[in-house]
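Notes follow once the structure below has been shown.
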Number of protein chains: 2
Amino acid sequence: MSHPPGTSLHLVADLAAAAGLDDAGLIEAALRDAAAAARAQVVGLHLHHFGPGLGLTGVAMLAESHISIHTWPEAGVAAVDLFVCGETADAPAGLAALVARLGARIVRQQALRRLGLPADGAPA
Amino acid sequence: MSHPPGTSLHLVADLAAAAGLDDAGLIEAALRDAAAAARAQVVGLHLHHFGPGLGLTGVAMLAESHISIHTWPEAGVAAVDLFVCGETADAPAGLAALVARLGARIVRQQALRRLGLPADGAPA
(Lines give C-alpha, C1' and ligand atoms only; values in the text may rest on other atoms or scores of the structure.)
Protein backbone atom coordinates (compact mmCIF):
# COMPACT_ATOMS: atom_id res chain seq x y z
CA MET A 1 0.00 0.00 0.00
CA SER A 2 1.09 3.54 -0.64
CA HIS A 3 0.12 5.08 2.70
CA PRO A 4 1.39 4.34 6.20
CA PRO A 5 -0.64 1.59 7.87
CA GLY A 6 -1.02 3.64 11.05
CA THR A 7 -3.35 6.01 9.25
CA SER A 8 -5.90 3.30 8.41
CA LEU A 9 -9.56 3.72 9.31
CA HIS A 10 -12.16 1.06 8.53
CA LEU A 11 -15.81 2.03 8.57
CA VAL A 12 -18.37 -0.77 8.35
CA ALA A 13 -22.06 -0.04 7.90
CA ASP A 14 -25.34 -1.81 7.27
CA LEU A 15 -27.85 0.13 5.21
CA ALA A 16 -31.61 -0.15 4.83
CA ALA A 17 -34.42 1.44 2.87
CA ALA A 18 -32.32 1.69 -0.26
CA ALA A 19 -33.74 1.50 -3.78
CA GLY A 20 -32.05 0.49 -7.01
CA LEU A 21 -29.89 -2.14 -5.36
CA ASP A 22 -30.03 -4.32 -8.48
CA ASP A 23 -28.88 -1.43 -10.70
CA ALA A 24 -25.21 -1.89 -11.60
CA GLY A 25 -24.93 1.67 -12.89
CA LEU A 26 -26.21 3.07 -9.63
CA ILE A 27 -23.90 0.89 -7.54
CA GLU A 28 -20.89 1.93 -9.59
CA ALA A 29 -21.88 5.58 -9.27
CA ALA A 30 -22.28 5.17 -5.51
CA LEU A 31 -18.80 3.64 -5.23
CA ARG A 32 -17.26 6.43 -7.32
CA ASP A 33 -19.10 9.10 -5.31
CA ALA A 34 -17.88 7.52 -2.10
CA ALA A 35 -14.27 7.38 -3.28
CA ALA A 36 -14.33 10.99 -4.42
CA ALA A 37 -15.86 12.20 -1.16
CA ALA A 38 -13.31 10.19 0.81
CA ARG A 39 -10.53 11.86 -1.22
CA ALA A 40 -9.40 8.43 -2.39
CA GLN A 41 -8.01 7.36 -5.77
CA VAL A 42 -9.76 4.48 -7.56
CA VAL A 43 -7.25 2.04 -9.07
CA GLY A 44 -9.86 -0.56 -10.08
CA LEU A 45 -13.63 -1.01 -9.90
CA HIS A 46 -15.32 -4.38 -10.19
CA LEU A 47 -18.96 -5.41 -10.12
CA HIS A 48 -20.60 -8.82 -10.02
CA HIS A 49 -24.35 -9.08 -10.63
CA PHE A 50 -26.02 -12.20 -9.29
CA GLY A 51 -28.83 -12.09 -11.85
CA PRO A 52 -32.05 -10.24 -12.72
CA GLY A 53 -33.68 -8.91 -9.57
CA LEU A 54 -30.84 -10.19 -7.43
CA GLY A 55 -28.10 -8.26 -5.74
CA LEU A 56 -24.64 -7.13 -6.61
CA THR A 57 -21.19 -7.16 -5.17
CA GLY A 58 -19.13 -4.12 -5.99
CA VAL A 59 -15.58 -3.29 -4.98
CA ALA A 60 -13.64 -0.11 -5.58
CA MET A 61 -9.94 -0.83 -5.16
CA LEU A 62 -8.26 2.32 -3.92
CA ALA A 63 -4.72 3.60 -3.61
CA GLU A 64 -5.88 3.99 0.00
CA SER A 65 -7.38 0.41 0.36
CA HIS A 66 -10.99 -0.34 -0.67
CA ILE A 67 -14.72 0.30 -0.61
CA SER A 68 -17.07 -2.66 -0.92
CA ILE A 69 -20.82 -3.04 -1.19
CA HIS A 70 -23.07 -6.09 -1.15
CA THR A 71 -26.75 -5.62 -1.88
CA TRP A 72 -29.95 -7.56 -1.25
CA PRO A 73 -32.59 -5.74 -3.34
CA GLU A 74 -35.27 -8.17 -2.26
CA ALA A 75 -34.82 -6.91 1.31
CA GLY A 76 -33.78 -3.33 0.47
CA VAL A 77 -30.57 -3.76 2.46
CA ALA A 78 -26.88 -3.41 1.74
CA ALA A 79 -23.63 -4.01 3.60
CA VAL A 80 -20.75 -1.64 2.93
CA ASP A 81 -17.27 -1.07 4.17
CA LEU A 82 -14.82 1.72 3.55
CA PHE A 83 -11.21 1.09 4.45
CA VAL A 84 -9.06 4.10 3.76
CA CYS A 85 -5.51 5.03 4.62
CA GLY A 86 -3.70 8.32 4.51
CA GLU A 87 -3.91 11.47 6.55
CA THR A 88 -6.02 13.28 3.99
CA ALA A 89 -8.58 10.50 3.49
CA ASP A 90 -12.09 11.00 4.87
CA ALA A 91 -13.95 7.72 5.28
CA PRO A 92 -16.99 9.24 7.01
CA ALA A 93 -17.50 11.64 4.09
CA GLY A 94 -17.23 8.68 1.73
CA LEU A 95 -19.88 6.75 3.63
CA ALA A 96 -22.15 9.78 3.66
CA ALA A 97 -21.83 10.18 -0.10
CA LEU A 98 -22.53 6.51 -0.74
CA VAL A 99 -25.61 6.55 1.50
CA ALA A 100 -26.88 9.70 -0.15
CA ARG A 101 -26.54 8.26 -3.65
CA LEU A 102 -28.50 5.15 -2.63
CA GLY A 103 -31.16 7.09 -0.75
CA ALA A 104 -30.49 4.74 2.16
CA ARG A 105 -30.31 5.07 5.93
CA ILE A 106 -27.58 3.65 8.15
CA VAL A 107 -28.87 0.92 10.46
CA ARG A 108 -25.54 0.21 12.15
CA GLN A 109 -22.09 1.73 11.79
CA GLN A 110 -18.80 0.68 13.32
CA ALA A 111 -15.38 2.36 13.14
CA LEU A 112 -12.57 -0.14 13.52
CA ARG A 113 -9.05 0.14 14.75
CA ARG A 114 -6.75 -1.16 12.02
CA LEU A 115 -3.03 -1.59 12.24
CA GLY A 116 -2.53 0.70 15.16
CA LEU A 117 -5.03 3.52 14.72
CA PRO A 118 -7.42 3.82 17.66
CA ALA A 119 -11.07 3.80 16.54
CA ASP A 120 -11.62 6.89 18.65
CA GLY A 121 -9.01 8.63 16.56
CA ALA A 122 -11.52 8.54 13.72
CA PRO A 123 -13.19 11.68 12.50
CA ALA A 124 -16.58 12.06 14.13
CA MET B 1 -26.42 -11.48 -3.06
CA SER B 2 -27.35 -15.12 -3.27
CA HIS B 3 -27.54 -15.90 0.45
CA PRO B 4 -29.82 -14.50 3.14
CA PRO B 5 -28.31 -11.40 4.76
CA GLY B 6 -29.03 -12.71 8.26
CA THR B 7 -26.33 -15.34 7.81
CA SER B 8 -23.55 -12.78 7.28
CA LEU B 9 -20.40 -12.89 9.35
CA HIS B 10 -17.60 -10.37 8.89
CA LEU B 11 -14.15 -11.19 10.26
CA VAL B 12 -11.57 -8.41 10.29
CA ALA B 13 -7.96 -9.09 11.18
CA ASP B 14 -4.59 -7.38 11.27
CA LEU B 15 -1.60 -9.61 10.56
CA ALA B 16 2.08 -9.28 11.32
CA ALA B 17 5.31 -11.15 10.71
CA ALA B 18 4.28 -12.12 7.20
CA ALA B 19 6.75 -12.63 4.36
CA GLY B 20 6.18 -12.36 0.62
CA LEU B 21 3.70 -9.52 0.93
CA ASP B 22 4.89 -8.02 -2.37
CA ASP B 23 4.40 -11.35 -4.19
CA ALA B 24 1.23 -11.23 -6.27
CA GLY B 25 1.24 -14.97 -6.82
CA LEU B 26 1.38 -15.63 -3.10
CA ILE B 27 -1.38 -13.14 -2.35
CA GLU B 28 -3.64 -14.69 -4.99
CA ALA B 29 -2.91 -18.15 -3.61
CA ALA B 30 -3.70 -16.97 -0.09
CA LEU B 31 -7.03 -15.53 -1.24
CA ARG B 32 -7.94 -18.73 -3.08
CA ASP B 33 -6.92 -20.87 -0.10
CA ALA B 34 -9.04 -18.70 2.18
CA ALA B 35 -12.09 -18.93 -0.08
CA ALA B 36 -11.80 -22.70 -0.36
CA ALA B 37 -11.40 -23.16 3.39
CA ALA B 38 -14.38 -20.87 3.99
CA ARG B 39 -16.42 -23.01 1.58
CA ALA B 40 -17.02 -19.94 -0.58
CA GLN B 41 -17.26 -19.63 -4.36
CA VAL B 42 -14.91 -17.13 -6.05
CA VAL B 43 -16.75 -15.15 -8.76
CA GLY B 44 -13.86 -12.75 -9.42
CA LEU B 45 -10.34 -12.12 -8.16
CA HIS B 46 -8.52 -8.84 -8.59
CA LEU B 47 -5.06 -7.67 -7.59
CA HIS B 48 -3.41 -4.28 -7.69
CA HIS B 49 0.33 -4.01 -7.14
CA PHE B 50 1.61 -0.64 -6.03
CA GLY B 51 5.06 -1.17 -7.49
CA PRO B 52 8.33 -3.06 -6.89
CA GLY B 53 8.85 -3.64 -3.19
CA LEU B 54 5.54 -2.04 -2.36
CA GLY B 55 2.33 -3.69 -1.26
CA LEU B 56 -0.72 -5.08 -2.93
CA THR B 57 -4.45 -4.87 -2.68
CA GLY B 58 -6.24 -8.09 -3.44
CA VAL B 59 -9.96 -8.82 -3.46
CA ALA B 60 -11.72 -12.12 -3.97
CA MET B 61 -15.33 -11.45 -4.89
CA LEU B 62 -17.42 -14.33 -3.61
CA ALA B 63 -20.91 -15.63 -4.18
CA GLU B 64 -20.96 -15.20 -0.38
CA SER B 65 -19.54 -11.60 -0.32
CA HIS B 66 -15.76 -10.95 -0.30
CA ILE B 67 -12.26 -11.43 1.06
CA SER B 68 -9.83 -8.53 0.90
CA ILE B 69 -6.19 -8.08 1.74
CA HIS B 70 -3.96 -5.02 1.85
CA THR B 71 -0.25 -5.50 2.43
CA TRP B 72 2.65 -3.37 3.61
CA PRO B 73 5.74 -5.48 2.90
CA GLU B 74 8.05 -2.79 4.24
CA ALA B 75 6.46 -3.31 7.66
CA GLY B 76 5.60 -7.01 7.30
CA VAL B 77 1.96 -6.29 8.06
CA ALA B 78 -1.34 -6.90 6.29
CA ALA B 79 -4.98 -6.05 6.87
CA VAL B 80 -7.59 -8.59 5.83
CA ASP B 81 -11.30 -9.00 6.01
CA LEU B 82 -13.51 -11.97 5.24
CA PHE B 83 -17.20 -11.26 4.81
CA VAL B 84 -19.13 -14.44 4.10
CA CYS B 85 -22.81 -15.27 3.99
CA GLY B 86 -24.60 -18.57 4.00
CA GLU B 87 -25.16 -21.22 6.63
CA THR B 88 -22.40 -23.46 5.28
CA ALA B 89 -19.72 -20.77 5.05
CA ASP B 90 -16.85 -20.84 7.54
CA ALA B 91 -15.11 -17.49 7.82
CA PRO B 92 -12.79 -18.53 10.69
CA ALA B 93 -11.49 -21.45 8.64
CA GLY B 94 -10.91 -19.05 5.76
CA LEU B 95 -8.92 -16.69 7.94
CA ALA B 96 -6.86 -19.57 9.32
CA ALA B 97 -6.02 -20.75 5.81
CA LEU B 98 -5.01 -17.26 4.70
CA VAL B 99 -2.81 -16.74 7.74
CA ALA B 100 -1.18 -20.13 7.26
CA ARG B 101 -0.36 -19.45 3.61
CA LEU B 102 1.28 -16.13 4.52
CA GLY B 103 3.15 -17.53 7.51
CA ALA B 104 1.70 -14.68 9.52
CA ARG B 105 0.32 -14.21 13.00
CA ILE B 106 -2.91 -12.45 13.91
CA VAL B 107 -2.33 -9.27 15.90
CA ARG B 108 -5.99 -8.32 16.27
CA GLN B 109 -9.19 -10.02 15.16
CA GLN B 110 -12.77 -8.79 15.33
CA ALA B 111 -16.02 -10.56 14.43
CA LEU B 112 -18.71 -8.13 13.39
CA ARG B 113 -22.44 -8.27 13.49
CA ARG B 114 -23.73 -7.65 9.97
CA LEU B 115 -27.32 -7.32 8.90
CA GLY B 116 -28.79 -9.00 11.93
CA LEU B 117 -26.39 -11.75 12.89
CA PRO B 118 -25.02 -11.37 16.43
CA ALA B 119 -21.21 -11.49 16.48
CA ASP B 120 -21.44 -14.09 19.24
CA GLY B 121 -23.35 -16.28 16.84
CA ALA B 122 -20.08 -16.72 14.98
CA PRO B 123 -18.27 -20.03 15.04
CA ALA B 124 -15.57 -19.97 17.71
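The values are calculated or read from the model by the stated rules, or taken from the named source; none is laboratory data. It should be emphasised that the depicted structure is a prediction, and the values quoted were computed from it without experimental measurement. Using ideal geometry, Cβ is built from the backbone for each residue, glycine included, and neighbour counts are taken over all protein chains shown. Surface areas here come from the heavy atoms of the whole protein model, side chains and all, with no ligands, DNA or RNA. Shrake-Rupley method; radii C 1.70, N 1.55, O 1.52, S 1.80 Å.
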Residues (open to solvent by 10 Å² or more (accessible area, probe 1.4 Å), under 17 Å from A:Ser8 (Cβ atoms) and either touching a Cys at 6+ places or on another chain (Cβ under 9 Å) or more than 9 Å from every other protein chain (Cβ to nearest Cβ) (or both)) located in the range B:53-75 = B:Pro73, B:Glu74
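Of all residues in the range B:18-32 being closer than 16 Å to B:Ala93 by Cβ and open to solvent by less than 50 Å² (accessible area, probe 1.4 Å), which is nearest to the chain's Cα centre (by Cα)? Outline the logic, then answer.
Filtering the range B:18-32 for residues closer than 16 Å to B:Ala93 by Cβ gives B:30-32.
The next check asks that each one be open to solvent by less than 50 Å² (accessible area, probe 1.4 Å); those that pass are B:30-31.
Working: B:Ala30: 8, B:Leu31: 7 Å.
Among them, the one singled out is B:Leu31.
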note = Across the range B:85-103, the tally of residues that are at pLDDT 95 or above, touching a helix residue (DSSP H, G or I) at 6+ places or on another chain (Cβ under 8 Å) and open to solvent by 20 Å² or more (accessible area, probe 1.4 Å) stands at 5
Check on A:Arg39, basic (Lys, Arg) and either within 13 Å of the chain's Cα centre (by Cα) or more than 8 Å from every other protein chain (Cβ to nearest Cβ) (or both) = yes
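Considering only the range A:41-83, state which residues are among the acidic types (Asp, Glu), touching a strand residue (DSSP E or B) at 6+ places or on another chain (Cβ under 9 Å) and not in a strand (DSSP E or B).
Once the filter is applied, which keeps residues that are among the acidic types (Asp, Glu), touching a strand residue (DSSP E or B) at 6+ places or on another chain (Cβ under 9 Å) and not in a strand (DSSP E or B), the range A:41-83 yields only A:Glu64.
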